[in-house]
Amino acid sequence: MAVITFYEDRNFGGRSYDCSSDCSDLSSYLSHCYSCRVHSGCFMLYDRPNYMGNQYFVKRGEYPDCMSMGMSDWFRSCRMIPMVNSLTVGSYRMRIYERENFGGQMMKMMDGSLPLMTDDCDSFMDRYRWSNCMSCHAMDGHWLMYEQPHYRGRMRYFWPGEYRSFDGMKFMSMRRIMDSWY
């Protein structure tokens, strides 16, 4: 089971709240939240309620100050990333598109199925000569996309589903959320 503890103050001070599922508004439990410890599992943290705003991926470990993670404010909501089922390990399939609404060139990202891509992509420009990715269809697995090459900049979490538009964001690198991260 995934468990994260949120703290009102930096460096794990103040009141705390243990969470093991999605939480759309942490202010229901704490007046503010500046640090956290992930005991197990992986979570996406958001700087706005209802899973809005900038996203921050956290896995097992300690995060003593949300400001050091690049947040402009404090954690407001969190989403648990489901653990990879041992029966489906290696099942990562995604189609990425150069343009919104599945337009432009398309590339398939698949794990374990040659000749398609079998690894993460640290630069769409280097690999495909694309300046960015603007829509995708995640068929299996859980993914992180980043605004800049080499997994830097703002990120966004994708789970199975169709994403016709990224609300103005453009992505230049992506990676799979692997079971080894838990």
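What to note about this one:
- In plain terms, the C-alpha convex hull of the stretch 93-181 casts an average shadow of 5.3 nm² when viewed from every direction.
- Heavy-atom accessible surface of the stretch 93-181: percent carbon and sulfur, 1.4 Å: 45
- Against the set [x] 0.99; [y] 1.67; [z] 1.07, the structure's computed Rg/Rh (Cα atoms, Kirkwood Rh) falls on [x].
- Placing +1 on the Cβ of every Lys and Arg and -1 on the Cβ of every Asp and Glu, with no other charges, gives the stretch 93-181 a dipole of roughly 180 debye about its Cα centre.
- Contact order for the stretch 3-81, expressed relative to its length and based on alpha carbon pairs under 8 Å spaced 6+ residues apart, stands at 35 percent.
- Look at the alpha carbon pairs under 8 Å that are at least 6 residues apart: their mean separation over the length of the chain gives a relative contact order of 18 percent.
- Rolling a 1.4 Å probe across the protein heavy atoms gives the chain an accessible surface of 48 Å² per residue.
- Ligands, DNA and RNA left out, the 1.4 Å accessible surface of the stretch 7-59 is 40% carbon and sulfur atoms.
The values are calculated or read from the model by the stated rules, or taken from the named source; none is laboratory data. Values in this document were obtained by computation on a predicted structure and should not be read as measured data. Positions of Cβ are generated from backbone atoms using ideal geometry, with glycine treated the same way; all protein chains shown enter the neighbour counts. Areas reflect the complete protein model, heavy atoms only, side chains present, ligands, DNA and RNA absent. Shrake-Rupley method; radii C 1.70, N 1.55, O 1.52, S 1.80 Å.
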